[in-house]
Every structure is written in structure tokens, then in C-alpha cells.
Amino acid sequence: MADPRESIVLARFPDELSALLLVGELQREGIPATVLGGLTAQLRAEAPGLVSVMIRRGDLVRAEQILQEREPPAGWEDEAESYEPE
């Protein structure tokens, strides 16, 4: 049986800011979370890194719900493109 205290990756992002925003949401919901790889993700190399959001395995179900809730609804790109710039 897996240890519920084990650290696992919930999500990966191309930039640290996106990862930190998710970490803030998780922490507001009482889920300890942290960012891993923030410094290396900003390097401009041939293989850029990703920033990982780490949580405890025991928090996975609730954390995945929070992650799904923050995703924009399907078709948001089309709706956004239909607006004229101000």
C-alpha cells in the first residue's frame, strides 16, 4: 500500500508563476503543496525544464478536484477571440 505522506507530482507548468498560483489555491484549501524546479525552468536551454507542483499522495483526490475546477470551460478560446480589442 502506498504511503499517503509520499510526495508526488500533481501538475507541471512551463513557468514558476503558474505553479505558484496553483500552490496558493491548494494551500487555501488546506492542502500542503510546494514548487519544485522553479529556478531551472527559466533557463533557456535546448531542453527547458518544467516546474512541478508537489503534494502528498493522501491529498491527491481533493487536489485533482481543485485542479479541474480551475481549468477554463471548453471553447473559451473561441469566445475570447470574438471580442474586439479595446
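Met1 meets all of the listed conditions (1) of a type in the set (A, V, I, L, M, F, W, C); (2) in contact (Cβ under 8 Å) with a residue 12 or more places away in the chain; (3) loosely packed, with under 15 Cβ neighbours inside 10 Å but one, namely (2). Within the range 14-34, residues that are touching a residue at least 40 places away in the same chain (Cβ under 8 Å) sit with their Cβ atoms under 9 Å from residues that are assigned to a loop (DSSP other than H, G, I, E, B) and among the aliphatic types (A, V, I, L, M), at 6+ positions apart or across chains, in these pairs: Glu25/Ile31.
Residue-wise test of (1) modelled with pLDDT of 95 or more; (2) touching a strand residue (DSSP E or B) at 6+ places or on another chain (Cβ under 8 Å); (3) not in a helix (DSSP H, G or I).
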position: Leu17; (1), (2), (3): no, no, no
position: Leu22; (1), (2), (3): no, yes, no
position: Gln27; (1), (2), (3): yes, yes, no
position: Ala45; (1), (2), (3): no, no, yes
position: Ser52; (1), (2), (3): no, yes, yes
position: Leu67; (1), (2), (3): no, yes, no
position: Ala74; (1), (2), (3): no, no, yes
position: Glu79; (1), (2), (3): no, no, no
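The values are calculated or read from the model by the stated rules, or taken from the named source; none is laboratory data. What you see is a predicted model; the values in this text were computed from it and never measured. Reconstructed Cβ throughout: ideal geometry from the backbone, glycine too, with neighbour counts over all protein chains shown.
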